[in-house]
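Notes for the one structure printed next.
The values are calculated or read from the model by the stated rules, or taken from the named source; none is laboratory data. Model, not experiment: these values are computed from the prediction. Cβ placement follows ideal geometry from the backbone for every residue including glycine, while neighbour counts extend to all protein chains displayed. Each accessible area value is taken on the protein alone, full model and side chains, heavy atoms only, with ligands, DNA and RNA left out. Shrake-Rupley method; radii C 1.70, N 1.55, O 1.52, S 1.80 Å.
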Amino acid sequence: SVRGLREEQRRLASESDQRPGAGEPISGLVRATRKATELAQRLGVDLSLVPAKGIIKESDIVRYQDGEPAREVMAPHKLSWDPDRRPVAIYGAGKGAVTLKECLDLDRQCQVVCFVDDSANHPEALCGLPVHHISHLSGIVDRGVRSLACEIAQGSVRLRILKQCDELGIDLINAIHPNAFVSPSAQMGRGNYIKAGAIVETGALVGDCCIIDNGAMIAHDSVLGDGCHIAPGASLGSSVRIGELAIIGIGASVATGVRIGRSAIVSVGSSVVKDVRDNAVVDGVPGRVIGRRA
């Protein structure tokens, strides 16, 4: 039953402080290590103005305090969209963001109006649209853009973005390619990205912030925990249970009724015919545990 599937998903999910990377705080969707955050608080430094590639570290704070100029961030200018379509900002400014924009462009209900990125070295524009620093997200919302879509690869980051969106009153939407099939009886949470050629069958339950990639097959009554990534061409038999933050590699298969633990990884092309524990790394045909995820 649907109620039973929901209970199973809740059992597979863990508390947010157990997720990999939970020790890296986010302030306004800017990622920083805990030590960098503490140093910034002591020095009164605004993390959103600190130039860094990826996660801000203590050394980035020190350089900023020593007078290394931060790149000027562009305040959001007037944004426009078709009044009959829903304006959406995309989190990220890489190649994955381009694929997500294409997906949303094909959905005539949405219109991408800009990108947001947490790097001080983000491009000025992408696909002819402005790229704004994430510190200006509230200004973008004030201009009427209250929906965000996300394609960031790391599941734990996608889940933290969802939490931050909830705090800011932003809707992290599902992006479903028009060439994907999602059964009317399937259920899913928020912030998911379902790519072209994917199939989600009858009674499947998909959590929050999952990526179901090109040509992936989710058979009926399967359950995907939050933050999963089902890679291109992967196939799940019916009634499979995938734990939170697990990754099923390209072309891998999981037999009917098998349970994959939280944060487990099934390697490219592997075939899994028995249950896999949390954090295990599985490889081969048939799949065998070859290690553990750090």
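Identify, please: which residue in the stretch 78-113 is in a strand (DSSP E or B) and out of contact with any helix residue (DSSP H, G or I) (no Cβ under 8 Å at 6 or more places or on another chain) and is, among those, surrounded by the fewest Cβ atoms within 10 Å (Cβ to Cβ)?
It comes out as ARG86.
Please pick out the residue among SER222, SER238 that is open to solvent by 10 Å² or more (accessible area, probe 1.4 Å), over 14 Å from the mean Cα position of the chain (by Cα), more than 21 Å from ARG158 (Cα to Cα) and of a type in the set (S, T, N, Q). Reasoning before the result, please.
Numbers: SER222 fails: open to solvent by 10 Å² or more (accessible area, probe 1.4 Å).
Only one candidate qualifies: SER238.
Assuming ASN121 fulfils every condition listed in (1) surrounded by 12 or more Cβ atoms within 10 Å (Cβ to Cβ); (2) at pLDDT below 85; (3) part of a loop (DSSP other than H, G, I, E, B) apart from one, which condition is it?
(1)
If you check every pair at least six apart or on different chains, which have Cβ atoms under 8 Å apart with a residue in the stretch 35-62 that is part of a loop (DSSP other than H, G, I, E, B) first and a residue that is exposed (fewer than 13 other Cβ atoms within 10 Å of the Cβ) and modelled with pLDDT under 75 second?
As it stands, the answer is PRO51/GLU68; PRO51/ARG71, since those pairs meet every condition given.
Yes or no, residue by residue, for (1) open to solvent by 10 Å² or more (accessible area, probe 1.4 Å); (2) part of a strand (DSSP E or B):
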| position | (1), (2) |
| --- | --- |
| ILE250 | yes, no |
| GLY257 | yes, no |
| ARG262 | yes, no |
| VAL268 | yes, no |
| LYS274 | yes, no |
| VAL282 | no, yes |
| VAL285 | yes, no |
| GLY291 | yes, yes |
| ALA294 | yes, no |
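Among (1) in contact with a Phe, Trp or Tyr (Cβ under 9 Å, 6 or more places away or on another chain); (2) on the phi > 0 side of the Ramachandran plot, where does CYS103 come up short?
All conditions are met except number (2).
Just name the residue that is farthest from GLY249 (Cα to Cα) out of those in the stretch 187-210 that are in contact with a Phe, Trp or Tyr (Cβ under 8 Å, 6 or more places away or on another chain) and open to solvent by less than 10 Å² (accessible area, probe 1.4 Å).
Here the answer is VAL200.
Quick check on the stretch 132-144: of everything there that is outside any helix (DSSP H, G or I) and surrounded by 21 or more Cβ atoms within 10 Å (Cβ to Cβ), which residue is modelled with the highest pLDDT?
HIS132
Going through ALA36, ALA70 one at a time, which residue ends up being open to solvent by less than 70 Å² (accessible area, probe 1.4 Å), in contact with a Leu (Cβ under 8 Å, 6 or more places away or on another chain) and either closer than 18 Å to CYS150 by Cβ or at pLDDT 75 or above (or both)?
Checking each option against the conditions leaves just ALA36.
Within the stretch 191-219, track down each residue that is among the β-branched types (Val, Ile, Thr) and in contact (Cβ under 8 Å) with a residue 40 or more places away in the chain.
Correct list: ILE211 only.
When residues of the stretch 202-227 are filtered for being in contact with an Asp or Glu (Cβ under 8 Å, 6 or more places away or on another chain), closer than 21 Å to PRO178 by Cα and part of a loop (DSSP other than H, G, I, E, B), how many remain?
9
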